[in-house]
Amino acid sequence: MKNKSAYPVVVLVLLLSGMLLVSFKNATSYVKKAFPYKKEGLTERQAAAHLLSRFTYGAKPGQVDEVVKMGLENWFAQQLAANQPEDRVEQLLAGYNSLRMTNEQIARTYPKGGQLLKMAIRDGAIAKDAVKKEKENRAEYRKALQAYMLQNNYKLQNELNRELQNQKILRATYSQNQLQEVLTSFWFNHFNVSLSDNDCARFIVTYERDVIRPNALGNFETILLATAQSPAMLTYLDNFMSAAPTDASSAEQERREQRMRQQLRRQQPGLSPVQQKQVMERVQKARKEQGLNENYAREIMELHTLGVDGGYTQQDVTQAARVLTGWTIFPGLNGNTINRKEQAANSNGNSAYFARQGFVREGDFLFAANRHDKGEKVVMGTRFPAGGGYEEGVKLINMLAKHPATARFISSKLAVRFVSDNPSKSLIDKMAKTFTKTDGDIRQVLLTMVSSPEFWSKEALREKTKSPFELAISSVRSLNAEVTNPAPLAFWIAKMGEKMYAYQAPTGFPDKGQFWINTGSLLSRMNFGLALVSRRIPGVQLDLAALHQNREPESAEHALRIYSNYLLPERNLDETVQRLTPLVNDPEYSTKVNNAASKLAPDQEDQLMEEEEVMLMNRKGKERQARKKTAARQEQASNGQDMMLAQVVGIIIGSPEFQRR
């Protein structure tokens, strides 16, 4: 009998599971004809709502009217231009200093945890013995480390990560150039790097800022080359270590070993012959392991360009890896070994000489000619003659960017993102043809997609499932809410299953609905909706009554119809209203959802919080407690009408229809 009280929640979860699985001058020239939505049976308002659902993070109140007034084609051209002023975003991000830093400045300001501790010991701020006794004197140890950081203007890497995640939320919520933000997320996911990789993490701010966002609506080959040369990608997929294998003769190897023995005797005279041999074996093994690395070569083919069925072989991967040897990062930027030649190549006095030797530096990227494999290579039938250098990698990237398999693979991924989980072959063929014809012009490929009947077909409408990030941001935008502190919202997004910038695999998050749909995640989404509208998420302010011009609904059923129109514009709501009506009248609904979510998906706050963040959280403990007290007072002050309205809107956000875009 105890389970009967939770029956409506279980039914809704099952329904959810079943339903969710089943420059401007130049830009205007892109849109030369009207979009074919009328032939697919859509009204202008329905088509405007569809455009907003696919190319923004959710329609704001009244935005359908704005698009209709401007004209659908003109609105899309404006989004393709991506040159709308961003005064609000710039104002909100003004205090995020890391967003204006170079990689070198970030590395200096946000040292790794282990590196920070070593520096503190070196400078005498913390004694070695204190580290061993850290568990016994935890508070004192952390106080000393915090004082050292404050004195030297060092910050925790988690503060950097938080600014990165916060700015993504603020941009998605307030940017006027919504298509650019959606595509920035798409391309970041396509060329994925992850905060879970400590070597890569500190480069992600500049990776998104300088590599992904400026090229999101440009040329595919440009963004491919930019990612290949970025420190984030070079470290994430280990190409910064890839070098030509040593091919020393027996005589040369013997001379090298003799020099190593002499150095060992001078530096460590107390070592026995056996110990010397062991040290030499370790050094030789390390040198051997620092040879050819195929990780990036494999992923640039499989994930970034050709696709898994792109027609390449393992031999092609190895040959491509040889082509890309020497593609590394500026010496010392990530703590990598500073080779004398590489260091000299970047000093003012020798730069011209080493440029003649084949060294190339562009920003934080370095082509180290001394590490490059100068032998002949053949990749997918294309010959790279012996004696080549940096230009070989550029040639390889050009070849991959222009390959027919790349045109189909990229077109397919774009169609999956913007049309449906299973786009038609006819649509992909049209997009791939445009990709090839325009040498990878991303704007033209998108325009071909939007100008095709397949984009407007009834099979494509509301077929895509929102990711947790999309759900959270679309909720905020639909309710015209204000985000004053993005961090709690970021926590909820992670709790629903999408920790931003932290997907470990190079594939990026899957872009199909079935990845996001399971009982636990759906309950978390329902719980999120209720928490948001009940003002239990600090840092998000909203006024539900203001959406309806402060006019009070006659009943819960009346409120359901009214607010469904605001949150689900231009949709047939009869079925949704019928399904949700029993739930809005259930006084125990919120409790049931919370209890069910707690059992299936326990609170993950401790798991989501990094250990090194504890110091920062302690420092902000009083502020957090104050926010909780404020939220509690707000909740207590709510009258019955507010609670009814919050439950209605929370149920709409958790409904199957709102999960779709």
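Laboratory data are not the source of any read-out in this text; all were calculated from the coordinates shown. All values derive from a computational prediction rather than experimental measurement. Neighbour counts run over all protein chains shown; Cβ positions are idealised from the backbone, glycine included.
Hey, what's the Kirkwood Rh for segment 44-193 if you take every pair of different alpha carbons, in angstrom? Don't skip to the answer; put the middle values down first.
On the way: mean 1/r = 0.0528 Å⁻¹.
Roughly 19.0 Å, rounded to one decimal.
Pop the C-beta distance of Ala487 and Thr382 into the FRET formula with R0 = 45 Å and round what comes out to the nearest 0.05.
Numbers: r = 49 Å, r/R0 = 1.09.
Working from the Cβ atoms, E equals 0.40.
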Enumerate the whole-percent occupancy of each 10 Å bin, from 0 to the last occupied one, for all C-alpha pair distances of segment 397-494. 15, 34, 24, 21, 5
Considering every pair of different Cα atoms, what Kirkwood radius, in Å, is found for segment 448-588? 17.3
The long-range amide H neighbours of Leu366, using H built 1.01 Å from N in the peptide plane and a cut-off of under 5 Å, are Thr328, Ile329, Phe330
How large is log10 I(q)/I(0) at q = 0.20 Å⁻¹ when the Debye formula is applied to the Cα atoms of segment 362-421, each weighted equally and without solvent? -0.83
For the modelled label position 7 Å from the Cα of Lys39 along Cα-to-Cβ, which residues of segment 389-428 have backbone nitrogen atoms closer than 18 Å? 424-428
Once Lys458 and Asn74 are pulled to full extension, the length gained, defined as 0.36 nm per residue separation minus their Cα-Cα distance, is 135.9 nm
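Can you tell me the FRET efficiency between Gln314 and Glu575 if r is taken as the Cβ-Cβ distance and R0 is 41 Å, rounded to the nearest 0.05? Each step should come with its number before you reach the end.
Working: r = 52 Å, r/R0 = 1.26.
With a Förster radius of 41 Å, E is 0.20.
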